[in-house]
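The values are calculated or read from the model by the stated rules, or taken from the named source; none is laboratory data. Because the structure is a prediction, the values reported are computed rather than measured. Ideal geometry is used to build each Cβ from the backbone, glycine not excepted, and the neighbour counts take in all protein chains shown.
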Amino acid sequence: MAKVTLEQIHKVYPNGFEAVTPSSFDIPDGEFVVLVGPSGCGKSTLLRMIAGLEDISSGNLSIGDRVVNDVDPADRNIAMVFQNYALYPHMTVAKNMGYGLKNRGVSKEEIAKKVQEAAEMLDLTKYLDRRPSQLSGGQRQRVAMGRAIVRNPDLFLFDEPLSNLDAKLRNQMRIEIRALQRRLGVTAIYVTHDQVEAMTMADRIIVLNEGRIEQIGTPTEIYENPASTFVAGFMGAPPMNLLKATVNGSGTAKVTDGLEFDAPVTAEGDVLVGIRPEDLEPAEDGALQMDVQIVEELGANRLLHGLMGGQAFSVSVPKQQAAQAGEVRLRMKSGATHFFNPGTGRRL
Ligand code: ATP
């Protein structure tokens with residue numbers, strides 16, 4: 001087990017492309033950190049630098065108390081789990097799981113013991129003699145996890161490990177991976193583009209955008225206090241509504257006539273008013289009016305999509321609440337507005 005420290009870690013690829021701007025953060029021992037962001041934001045590059053599979057252009061990377069910039073991947077005591085499992089097709093599950101230990105000269109008895117322990121943890125004991133082709137996707141992913149566990153690593157690195165699985169299995173594996181990491185207490189860094197995985201699995205989330213860290217925080221901090229419109233839009237489905245408005249010195253942000261919100265003291269001129277879809281509720285005497293154009297049924301709740309003040313707007317209401325297209329009056333829950341600078345996208 002180990003803490004991980006990144007100090008001004010920077011990546012410029014040989015073609016001159018800056019994939020990761022100088023970035024710093026600490027991951028305490030035992031924490032589960034999720035790197036999340038859209039395709040191309042640099043999350044795999046960052047993970048691969050931590051793994052030692054990609055050179056670090058500048059900055060210092062420490063695992064435990066040791067700077068590992070120049071340490072071989074094999075000597076960093078990390079274990080990686082990828083989306084394509086990378087299992088050996090001609091080997092049994094037991095051999096796949098023990099292969100890394102065999103290469104390190106661990107005795108047969110010790111390997112058998114470790115593989116058995118990991119198989120029990122992962123509910124794989126029945127499958128130890130099968131080959132990967134005779135397993136389901138979820139079982140293969142568990143074998144890949146088993147191969148990582150038997151090595152007693154200081155650090156687990158996961159690169160989109162669940163993307164090849166169907167939605168139901170993904171939900172199940174998400175819980176399994178999180179439970180296993182808690183049980184083992186091993187520090188973990190997990191890369192995904194899926195904000196639901198980030199929200200549900202992370203102790204802390206690092207949101208990346210175009211090679212830059214947008215925000216670091218617990219899932220609740222990130223969701224309730226997004227640092228930018230990028231984070232507000234990326235975390236949450238449907239994303240936070242962002243209404244263009246103007247503050248004219250009166251302390252209110254005006255979207256159109258009759259549609260105004262109390263603005264913070266720091267707001268001035270053009271602003272974006274952010275409102276999460278679930279932070280409004282239908283109410284006959286509600287001060288806000290929305291023109292609902294589409295109702296989406298999601299089972300537990302309904303999404304109303306349409307316009308507020310002439311701008312696109314979505315609201316999520318519990319299934320108990322009837323909803324149909326047309327004009328609807330809404331009430332805000334208290335403290336539910338967020339304000340952003342439309343130029344920089346930063347929170348005000
Ligand atoms: P995805 O979710 O699609 O895998 P990602 O966030 O993991 O995306 P990276 O793979 O880290 O993104 O890539 C970050 C950026 O660096 C991308 O714009 C990519 O095109 C670029 N890039 C990746 N590898 C190289 C390379 N070897 N040379 C030049 N540019 C690269």
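Tabulated data
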quantity: Scan of the stretch 14-25 for residues that are within 15 Å of the ligand (Cβ to nearest atom) and in contact (Cβ under 8 Å) with a residue 24 or more places away in the chain, ordered by number; calculated: GLU18, ALA19, VAL20, THR21, SER23
quantity: Criterion: part of a loop (DSSP other than H, G, I, E, B) and surrounded by fewer than 17 Cβ atoms within 10 Å (Cβ to Cβ) - qualifying residue of ALA322, ALA312, ALA267; calculated: ALA322
quantity: Whichever residue in the stretch 26-56 is surrounded by fewer than 16 Cβ atoms within 10 Å (Cβ to Cβ) and either within 16 Å of the ligand (Cβ to nearest atom) or not in a loop (DSSP other than H, G, I, E, B) (or both) and, among such residues, is farthest from the chain's Cα centre (by Cα); calculated: ASP55
quantity: Single match in GLY98, GLY30 (criterion: assigned by TED's automatic domain parsing to the domain that holds VAL191 and within 22 Å of ILE206 (Cα to Cα)); calculated: GLY30
quantity: Members of the stretch 136-162 that are within 16 Å of the ligand (Cβ to nearest atom) and either at pLDDT below 85 or in contact with a helix residue (DSSP H, G or I) (Cβ under 7 Å, 6 or more places away or on another chain) (or both); calculated: LEU157, ASP159, PRO161, LEU162
quantity: Cross-chain or 6+ apart pairs with Cβ under 8 Å, the stretch 38-54 first and without any contact (Cβ under 8 Å) to a residue 60 or more places away in the chain, then of a type outside the set (A, V, I, L, M) and within 6 Å of the ligand (Cβ to nearest atom); calculated: GLU54/THR45
quantity: Residues (outside any strand (DSSP E or B), surrounded by fewer than 20 Cβ atoms within 10 Å (Cβ to Cβ) and of a type in the set (A, V, I, L, M, F, W, C)) located in the stretch 1-25; calculated: MET1, PHE17
quantity: Considering residues of the stretch 57-74 that are part of a loop (DSSP other than H, G, I, E, B) and hydrophobic (A, V, I, L, M, F, W, C) only, the residue farthest from the ligand (Cβ to nearest atom); calculated: VAL71
quantity: Criterion (over 30 Å from ALA232 (Cβ atoms), more than 16 Å from the ligand (Cβ to nearest atom) and touching a residue at least 60 places away in the same chain (Cβ under 8 Å)) met by exactly one of ASN77, ASN96; calculated: ASN77
quantity: Considering residues of the stretch 211-225 that are away from the ligand (no atom under 16 Å from the Cβ) and outside any strand (DSSP E or B) only, the residue surrounded by the most Cβ atoms within 10 Å (Cβ to Cβ); calculated: ILE222
quantity: Selected residue [under 23 Å from ILE175 (Cβ atoms), in the same structural domain as ILE213 (by TED's automatic domain parsing), over 27 Å from the mean Cα position of the chain (by Cα) and surrounded by fewer than 18 Cβ atoms within 10 Å (Cβ to Cβ)] from THR92, THR125; calculated: THR125
quantity: Among (1) polar (S, T, N, Q); (2) surrounded by 13 or more Cβ atoms within 10 Å (Cβ to Cβ); (3) not in a strand (DSSP E or B) - the single one SER334 does not satisfy; calculated: (2)
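A quick yes/no check of all residues on (1) of a type in the set (Lys, Arg); (2) under 19 Å from LYS43 (Cα atoms); (3) more than 16 Å from the ligand (Cβ to nearest atom); (4) in the same structural domain as MET49 (by TED's automatic domain parsing):
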| site | (1), (2), (3), (4) |
| --- | --- |
| GLU176 | no, no, yes, yes |
| ARG182 | yes, no, yes, yes |
| ILE206 | no, yes, no, yes |
| ASN209 | no, yes, no, yes |
